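Encoded as C-alpha coordinates, the structure appears first; notes follow it.
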Amino acid sequence: MDRKQAQNRIEKLRQEIDRHRYLYHVLDQPEIADEAYDSLLEELISLEKAHPEFDSPTSPSKRVGGEILDKFEKVKHQTKQWSFDDIFDFEDLKKWEEKIMRLKDKSGAAGEKLEYVCELKIDGLKVILTYEKGRLVRAATRGDGVVGENVTENIKTIQSIPLELSQEINLVAVGEVWLGKDRLERLNKERKDKGEALFANTRNAAAGSIRQLDPKIVSKRGLDSFIYDIDQLEVKSQKSKVKNPKTQMEELELLKELGFKVNKHHKACRNIQEIQDFYEYWTNKRHAEKYEIDGVVIKINSKEIQEALGYTGKSPRFGIAYKFPAEKVTTVVEDISVQVG
(Lines give C-alpha, C1' and ligand atoms only; values in the text may rest on other atoms or scores of the structure.)
Protein backbone atom coordinates (compact mmCIF):
# COMPACT_ATOMS: atom_id res chain seq x y z
CA MET A 1 0.00 0.00 0.00
CA ASP A 2 1.58 3.31 -1.07
CA ARG A 3 1.37 6.56 0.89
CA LYS A 4 -1.70 7.90 -0.93
CA GLN A 5 -3.56 4.61 -0.57
CA ALA A 6 -2.73 4.54 3.14
CA GLN A 7 -4.04 8.08 3.61
CA ASN A 8 -7.29 7.26 1.82
CA ARG A 9 -7.74 4.06 3.84
CA ILE A 10 -7.05 5.87 7.13
CA GLU A 11 -9.62 8.56 6.34
CA LYS A 12 -12.21 5.95 5.30
CA LEU A 13 -11.60 3.88 8.45
CA ARG A 14 -11.97 6.94 10.69
CA GLN A 15 -15.30 7.83 9.10
CA GLU A 16 -16.59 4.27 9.28
CA ILE A 17 -15.48 3.70 12.89
CA ASP A 18 -16.97 6.99 14.03
CA ARG A 19 -20.26 6.16 12.30
CA HIS A 20 -20.46 2.82 14.10
CA ARG A 21 -19.45 4.49 17.40
CA TYR A 22 -22.36 6.91 17.03
CA LEU A 23 -24.82 4.14 16.12
CA TYR A 24 -23.78 2.00 19.09
CA HIS A 25 -23.01 4.44 21.90
CA VAL A 26 -25.39 7.33 21.12
CA LEU A 27 -28.34 5.83 19.24
CA ASP A 28 -28.08 2.31 20.74
CA GLN A 29 -28.61 0.90 17.23
CA PRO A 30 -25.47 -1.13 16.38
CA GLU A 31 -25.08 -2.44 12.83
CA ILE A 32 -22.00 -4.64 13.29
CA ALA A 33 -20.70 -7.00 15.98
CA ASP A 34 -18.12 -5.86 18.54
CA GLU A 35 -15.51 -8.11 16.90
CA ALA A 36 -15.97 -6.37 13.54
CA TYR A 37 -15.67 -2.95 15.19
CA ASP A 38 -12.50 -4.02 17.01
CA SER A 39 -11.05 -5.29 13.74
CA LEU A 40 -11.60 -1.93 12.04
CA LEU A 41 -10.01 -0.11 14.99
CA GLU A 42 -6.98 -2.42 15.02
CA GLU A 43 -6.43 -1.82 11.29
CA LEU A 44 -6.63 1.95 11.84
CA ILE A 45 -4.14 1.88 14.72
CA SER A 46 -1.74 -0.22 12.65
CA LEU A 47 -1.92 2.13 9.66
CA GLU A 48 -1.48 5.23 11.86
CA LYS A 49 1.63 3.73 13.43
CA ALA A 50 3.04 3.01 9.98
CA HIS A 51 2.13 6.52 8.76
CA PRO A 52 2.44 8.97 11.71
CA GLU A 53 2.33 11.90 9.25
CA PHE A 54 -1.45 11.38 9.08
CA ASP A 55 -1.95 11.69 12.84
CA SER A 56 -5.15 13.47 13.93
CA PRO A 57 -6.25 14.58 17.45
CA THR A 58 -9.81 13.50 16.63
CA SER A 59 -8.98 10.03 15.33
CA PRO A 60 -11.03 7.21 16.94
CA SER A 61 -7.70 5.64 17.92
CA LYS A 62 -7.26 8.41 20.51
CA ARG A 63 -10.07 6.88 22.57
CA VAL A 64 -8.03 3.91 23.78
CA GLY A 65 -6.09 6.15 26.19
CA GLY A 66 -2.93 8.21 25.83
CA GLU A 67 0.14 8.66 27.99
CA ILE A 68 -0.06 8.68 31.78
CA LEU A 69 -0.44 12.22 33.13
CA ASP A 70 1.70 13.74 35.90
CA LYS A 71 -1.20 15.87 37.17
CA PHE A 72 -4.31 17.74 36.01
CA GLU A 73 -3.77 21.36 35.02
CA LYS A 74 -6.21 24.02 36.19
CA VAL A 75 -8.31 25.77 33.53
CA LYS A 76 -10.59 28.79 33.78
CA HIS A 77 -14.08 28.31 32.38
CA GLN A 78 -15.21 30.67 29.61
CA THR A 79 -18.62 30.81 31.29
CA LYS A 80 -19.17 30.52 35.04
CA GLN A 81 -20.67 27.17 36.03
CA TRP A 82 -23.72 27.50 38.26
CA SER A 83 -25.59 25.09 40.53
CA PHE A 84 -29.37 24.96 40.76
CA ASP A 85 -31.11 25.60 44.06
CA ASP A 86 -33.07 22.64 45.44
CA ILE A 87 -36.73 22.16 46.24
CA PHE A 88 -38.30 19.09 47.86
CA ASP A 89 -42.11 19.19 47.55
CA PHE A 90 -45.03 20.67 45.63
CA GLU A 91 -45.35 23.62 48.01
CA ASP A 92 -41.74 24.57 47.25
CA LEU A 93 -42.53 24.28 43.55
CA LYS A 94 -45.50 26.64 43.84
CA LYS A 95 -43.42 29.17 45.77
CA TRP A 96 -40.69 29.02 43.11
CA GLU A 97 -43.20 29.67 40.33
CA GLU A 98 -44.74 32.58 42.25
CA LYS A 99 -41.28 34.06 42.67
CA ILE A 100 -40.32 33.79 39.01
CA MET A 101 -43.69 35.20 37.94
CA ARG A 102 -42.97 38.34 39.99
CA LEU A 103 -39.43 38.56 38.63
CA LYS A 104 -40.62 38.02 35.07
CA ASP A 105 -43.13 40.85 35.32
CA LYS A 106 -40.40 43.19 36.62
CA SER A 107 -37.84 42.09 34.03
CA GLY A 108 -39.66 43.33 30.95
CA ALA A 109 -40.72 39.85 29.83
CA ALA A 110 -44.23 40.21 31.28
CA GLY A 111 -45.95 39.41 27.98
CA GLU A 112 -44.06 36.14 27.49
CA LYS A 113 -45.96 32.95 28.35
CA LEU A 114 -44.29 30.60 30.80
CA GLU A 115 -43.53 27.07 29.67
CA TYR A 116 -41.17 24.64 31.34
CA VAL A 117 -38.89 21.78 30.38
CA CYS A 118 -38.35 18.88 32.77
CA GLU A 119 -35.15 16.83 32.51
CA LEU A 120 -33.89 13.97 34.64
CA LYS A 121 -31.19 14.96 37.12
CA ILE A 122 -28.46 12.40 36.47
CA ASP A 123 -26.27 11.61 39.47
CA GLY A 124 -22.86 11.85 37.87
CA LEU A 125 -20.00 14.30 37.31
CA LYS A 126 -20.50 17.60 35.51
CA VAL A 127 -18.18 18.23 32.55
CA ILE A 128 -17.67 21.24 30.30
CA LEU A 129 -16.70 20.47 26.69
CA THR A 130 -15.05 23.08 24.45
CA TYR A 131 -15.04 22.68 20.66
CA GLU A 132 -13.22 24.89 18.18
CA LYS A 133 -14.20 24.62 14.50
CA GLY A 134 -16.12 21.50 15.45
CA ARG A 135 -13.20 19.71 17.16
CA LEU A 136 -12.92 18.89 20.87
CA VAL A 137 -10.03 20.92 22.28
CA ARG A 138 -10.72 20.77 26.01
CA ALA A 139 -12.85 18.99 28.60
CA ALA A 140 -12.92 20.21 32.18
CA THR A 141 -14.56 19.41 35.49
CA ARG A 142 -16.80 22.00 37.17
CA GLY A 143 -14.36 22.68 40.04
CA ASP A 144 -15.48 25.75 41.98
CA GLY A 145 -17.54 27.03 39.03
CA VAL A 146 -14.80 29.40 37.87
CA VAL A 147 -11.77 27.11 37.64
CA GLY A 148 -11.85 23.38 36.93
CA GLU A 149 -9.40 20.64 35.98
CA ASN A 150 -8.41 19.74 32.44
CA VAL A 151 -9.52 16.11 31.93
CA THR A 152 -9.49 16.10 28.12
CA GLU A 153 -7.50 12.88 27.66
CA ASN A 154 -9.84 10.99 29.97
CA ILE A 155 -13.00 12.38 28.37
CA LYS A 156 -11.73 11.30 24.94
CA THR A 157 -12.07 7.68 26.09
CA ILE A 158 -15.86 8.07 26.53
CA GLN A 159 -17.39 6.73 23.34
CA SER A 160 -20.64 8.73 23.52
CA ILE A 161 -18.78 12.08 23.48
CA PRO A 162 -17.91 13.17 19.92
CA LEU A 163 -14.34 14.25 19.20
CA GLU A 164 -15.63 16.04 16.11
CA LEU A 165 -19.07 17.58 15.64
CA SER A 166 -21.30 17.36 12.59
CA GLN A 167 -20.90 21.13 12.08
CA GLU A 168 -17.86 23.43 11.98
CA ILE A 169 -18.75 25.61 14.97
CA ASN A 170 -17.21 26.93 18.17
CA LEU A 171 -19.17 25.50 21.07
CA VAL A 172 -19.08 25.11 24.84
CA ALA A 173 -21.43 22.31 25.89
CA VAL A 174 -22.25 21.09 29.39
CA GLY A 175 -23.32 17.66 30.51
CA GLU A 176 -22.98 14.78 32.91
CA VAL A 177 -20.57 11.85 32.87
CA TRP A 178 -22.01 8.77 34.56
CA LEU A 179 -21.29 5.15 35.31
CA GLY A 180 -23.99 2.50 34.91
CA LYS A 181 -25.19 0.54 37.93
CA ASP A 182 -24.03 -2.75 36.39
CA ARG A 183 -20.60 -1.25 35.73
CA LEU A 184 -20.33 -0.14 39.36
CA GLU A 185 -21.20 -3.63 40.58
CA ARG A 186 -18.54 -5.16 38.33
CA LEU A 187 -15.95 -2.52 39.28
CA ASN A 188 -16.54 -2.95 43.02
CA LYS A 189 -16.22 -6.74 42.70
CA GLU A 190 -12.83 -6.26 41.04
CA ARG A 191 -11.75 -3.80 43.73
CA LYS A 192 -12.91 -6.14 46.50
CA ASP A 193 -10.89 -9.00 45.01
CA LYS A 194 -7.83 -6.72 45.03
CA GLY A 195 -8.47 -5.55 48.60
CA GLU A 196 -9.17 -1.98 47.44
CA ALA A 197 -11.76 0.40 48.91
CA LEU A 198 -15.17 0.14 47.26
CA PHE A 199 -16.95 3.06 45.59
CA ALA A 200 -19.99 4.15 47.60
CA ASN A 201 -22.14 4.92 44.54
CA THR A 202 -22.05 5.54 40.79
CA ARG A 203 -21.35 9.25 41.23
CA ASN A 204 -18.23 8.61 43.31
CA ALA A 205 -17.12 5.98 40.81
CA ALA A 206 -17.57 8.37 37.86
CA ALA A 207 -15.67 11.15 39.65
CA GLY A 208 -12.93 8.75 40.73
CA SER A 209 -12.60 7.42 37.21
CA ILE A 210 -12.33 10.83 35.57
CA ARG A 211 -9.59 11.81 38.02
CA GLN A 212 -7.41 8.85 37.10
CA LEU A 213 -4.02 9.96 35.79
CA ASP A 214 -3.87 6.98 33.43
CA PRO A 215 -6.40 7.38 30.56
CA LYS A 216 -6.08 3.66 29.74
CA ILE A 217 -7.69 2.84 33.10
CA VAL A 218 -10.51 5.29 32.35
CA SER A 219 -11.14 3.70 28.96
CA LYS A 220 -11.82 0.35 30.66
CA ARG A 221 -14.39 1.77 33.11
CA GLY A 222 -17.18 2.13 30.51
CA LEU A 223 -18.22 5.68 31.37
CA ASP A 224 -21.12 7.26 29.50
CA SER A 225 -22.58 10.76 29.11
CA PHE A 226 -25.65 12.92 28.64
CA ILE A 227 -25.23 16.48 27.34
CA TYR A 228 -27.94 19.00 28.24
CA ASP A 229 -26.78 22.61 27.85
CA ILE A 230 -24.99 25.03 25.52
CA ASP A 231 -23.00 27.79 27.23
CA GLN A 232 -21.56 29.36 24.08
CA LEU A 233 -22.21 28.94 20.37
CA GLU A 234 -20.42 30.58 17.46
CA VAL A 235 -20.98 29.51 13.86
CA LYS A 236 -17.71 29.54 11.88
CA SER A 237 -18.90 28.59 8.40
CA GLN A 238 -21.37 30.57 6.28
CA LYS A 239 -22.61 27.25 4.89
CA SER A 240 -23.72 26.08 8.33
CA LYS A 241 -27.44 26.12 9.09
CA VAL A 242 -26.87 26.13 12.86
CA LYS A 243 -28.65 28.94 14.70
CA ASN A 244 -28.82 29.89 18.36
CA PRO A 245 -31.77 28.03 19.94
CA LYS A 246 -34.66 30.14 21.19
CA THR A 247 -35.87 27.52 23.67
CA GLN A 248 -34.45 24.80 25.87
CA MET A 249 -36.24 22.17 23.77
CA GLU A 250 -34.58 23.54 20.62
CA GLU A 251 -31.25 23.43 22.43
CA LEU A 252 -31.64 19.74 23.24
CA GLU A 253 -32.57 19.03 19.62
CA LEU A 254 -29.51 20.93 18.37
CA LEU A 255 -27.22 18.98 20.71
CA LYS A 256 -28.59 15.74 19.24
CA GLU A 257 -28.05 17.02 15.68
CA LEU A 258 -24.44 17.90 16.52
CA GLY A 259 -23.79 14.30 17.59
CA PHE A 260 -24.17 14.40 21.37
CA LYS A 261 -26.02 11.84 23.45
CA VAL A 262 -29.06 13.56 24.98
CA ASN A 263 -31.29 11.90 27.55
CA LYS A 264 -34.57 11.06 25.83
CA HIS A 265 -36.67 11.42 28.99
CA HIS A 266 -37.35 15.15 28.86
CA LYS A 267 -40.70 16.84 28.53
CA ALA A 268 -42.19 20.28 27.84
CA CYS A 269 -44.75 21.21 30.53
CA ARG A 270 -47.36 23.96 30.35
CA ASN A 271 -47.88 24.33 34.10
CA ILE A 272 -46.58 23.14 37.47
CA GLN A 273 -49.18 20.38 37.74
CA GLU A 274 -47.68 18.77 34.63
CA ILE A 275 -44.27 19.20 36.27
CA GLN A 276 -45.56 17.47 39.39
CA ASP A 277 -46.97 14.59 37.33
CA PHE A 278 -43.59 14.13 35.61
CA TYR A 279 -41.81 14.27 38.98
CA GLU A 280 -44.11 11.69 40.61
CA TYR A 281 -43.83 9.35 37.62
CA TRP A 282 -40.03 9.38 37.84
CA THR A 283 -40.01 9.15 41.63
CA ASN A 284 -41.55 5.70 41.14
CA LYS A 285 -39.58 4.82 37.97
CA ARG A 286 -36.15 6.09 39.02
CA HIS A 287 -34.69 2.60 39.48
CA ALA A 288 -35.82 1.37 36.07
CA GLU A 289 -32.91 3.06 34.26
CA LYS A 290 -29.31 1.82 34.25
CA TYR A 291 -28.06 5.15 35.62
CA GLU A 292 -28.77 6.84 38.96
CA ILE A 293 -31.36 9.65 39.03
CA ASP A 294 -31.70 11.89 42.07
CA GLY A 295 -34.37 14.33 40.94
CA VAL A 296 -35.82 16.42 38.12
CA VAL A 297 -34.29 19.64 36.74
CA ILE A 298 -36.90 22.23 35.75
CA LYS A 299 -36.01 25.08 33.39
CA ILE A 300 -38.09 27.81 31.80
CA ASN A 301 -38.28 26.88 28.13
CA SER A 302 -37.89 30.38 26.64
CA LYS A 303 -34.26 31.54 26.33
CA GLU A 304 -35.48 35.16 26.27
CA ILE A 305 -37.12 34.75 29.68
CA GLN A 306 -34.07 32.87 30.98
CA GLU A 307 -31.83 35.79 30.04
CA ALA A 308 -34.27 38.31 31.51
CA LEU A 309 -34.39 36.51 34.87
CA GLY A 310 -30.62 35.97 35.03
CA TYR A 311 -28.81 34.65 38.10
CA THR A 312 -28.38 35.15 41.82
CA GLY A 313 -24.88 35.08 43.28
CA LYS A 314 -24.76 31.29 42.98
CA SER A 315 -27.76 29.97 41.02
CA PRO A 316 -29.88 30.56 37.91
CA ARG A 317 -33.28 32.08 38.66
CA PHE A 318 -34.86 30.38 35.64
CA GLY A 319 -34.32 26.82 36.87
CA ILE A 320 -34.60 24.63 39.94
CA ALA A 321 -33.68 21.08 40.99
CA TYR A 322 -36.67 19.14 42.33
CA LYS A 323 -35.00 16.46 44.45
CA PHE A 324 -36.47 13.03 45.08
CA PRO A 325 -37.26 12.16 48.70
CA ALA A 326 -34.54 10.28 50.56
CA GLU A 327 -35.05 6.54 50.36
CA LYS A 328 -35.87 4.71 53.59
CA VAL A 329 -34.21 1.37 54.20
CA THR A 330 -33.78 -0.90 57.20
CA THR A 331 -30.49 -2.27 58.39
CA VAL A 332 -29.16 -4.32 61.27
CA VAL A 333 -26.63 -2.94 63.76
CA GLU A 334 -24.21 -5.84 64.15
CA ASP A 335 -21.88 -4.35 66.71
CA ILE A 336 -21.27 -1.25 68.81
CA SER A 337 -17.78 -0.43 70.01
CA VAL A 338 -17.48 2.04 72.89
CA GLN A 339 -14.15 3.70 73.54
CA VAL A 340 -13.11 6.21 76.18
CA GLY A 341 -10.75 8.80 74.76
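The values are calculated or read from the model by the stated rules, or taken from the named source; none is laboratory data. Values in this document were obtained by computation on a predicted structure and should not be read as measured data. All Cβ positions, even for glycine, are placed from backbone atoms using ideal geometry, and neighbour counts span all protein chains on display. Side chains included, ligands, DNA and RNA excluded: accessible areas come from the protein's heavy atoms. Shrake-Rupley method; radii C 1.70, N 1.55, O 1.52, S 1.80 Å.
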1.4 Å probe accessible area per residue over the chain, in Å²
56
Using per-residue counts of other Cβ atoms within 10 Å, averaged over each peptide, order 97-104, 13-20 from highest down.
13-20, 97-104
Applying the gyration tensor rule to the Cα atoms of the chain (axes a ≥ b ≥ c; rounded if a/c under 1.5, else prolate if a/b exceeds b/c, else oblate), the class is oblate
Scalar couplings 3J(HN,Hα) for region 202-215 by Karplus 6.51 cos²θ - 1.76 cosθ + 1.60 (θ = phi - 60°), nearest whole Hz, x for Gly and Pro, are 5, 5, 4, 5, 5, 5, x, 5, 5, 8, 6, 7, 9, x
Label point distance in nm, V64-D34, each placed 7 Å from Cα along Cα→Cβ:
1.7
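Please sort 174-181, 217-224 by packing, taking for each peptide the average over its residues of neighbouring beta carbons within 10 angstrom, highest first.
Details: 174-181: 22.1, 217-224: 19.9.
Output ranking for 174-181, 217-224: 174-181, 217-224.
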Would you mind classifying region 60-211 by shape? Square roots of the alpha carbon gyration tensor eigenvalues, ordered a ≥ b ≥ c; an a/c under 1.5 is rounded, otherwise it is prolate if a/b is larger than b/c and oblate if not.
oblate
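Can you give the calculated 222 nm mean residue ellipticity of the chain, where each DSSP H run of n ≥ 4 adds -39,500 (n - 2.57) and the sum is split over every residue, rounded to the nearest 500 deg cm²/dmol? Don't skip to the answer; put the middle values down first.
Values: 10 runs with 119 residues, N = 341.
When only DSSP H runs of four or more count, the value is -11000 deg cm²/dmol.
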Just order 200-211, 72-83, 156-167 by mean Cβ neighbour count inside 10 Å, highest at the front, would you?
156-167, 200-211, 72-83
So, in nm, how far is label S315 from label K243 when the simple model puts each one 7 Å beyond its Cα toward the Cβ?
3.4
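Report, to the nearest whole %, how much of the accessible area of the chain belongs to carbon and sulfur atoms, 1.4 Å probe, protein only. Could you put the intermediate results ahead of the total?
On the way: 9030 of 19180 Å².
Roughly 47 percent, rounded to a whole number.
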Select from L252, S240, N271 the residue farthest towards the positive end of the dipole of the chain; place +1 on Cβ of Lys and Arg, -1 on Cβ of Asp and Glu, and compute about the Cα centre.
S240
Spin-label proximity, V146 to region 71-109 - amide N less than 19 Å from point 7 Å beyond Cα toward beta carbon
73-84
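Give me the number: length gained by fully extending V137 to N271, i.e. 0.36 nm times residue separation minus the C-alpha to C-alpha distance, one decimal in nm. Let's see the in-between values first.
Values: separation 134, 0.36 × 134 = 48.24 nm, distance 3.98 nm.
Net length gain for the segment: 44.3 nm.
Kindly flag which residue pairs out of K216/K261; K264/K303; K256/K299; K80/K239 have an alpha-carbon separation exceeding 25 Å in this structure. Can you show the working numbers first?
Working: K216/K261 22 Å; K264/K303 20 Å; K256/K299 19 Å; K80/K239 31 Å.
Too far apart for the 25 Å limit: K80/K239.
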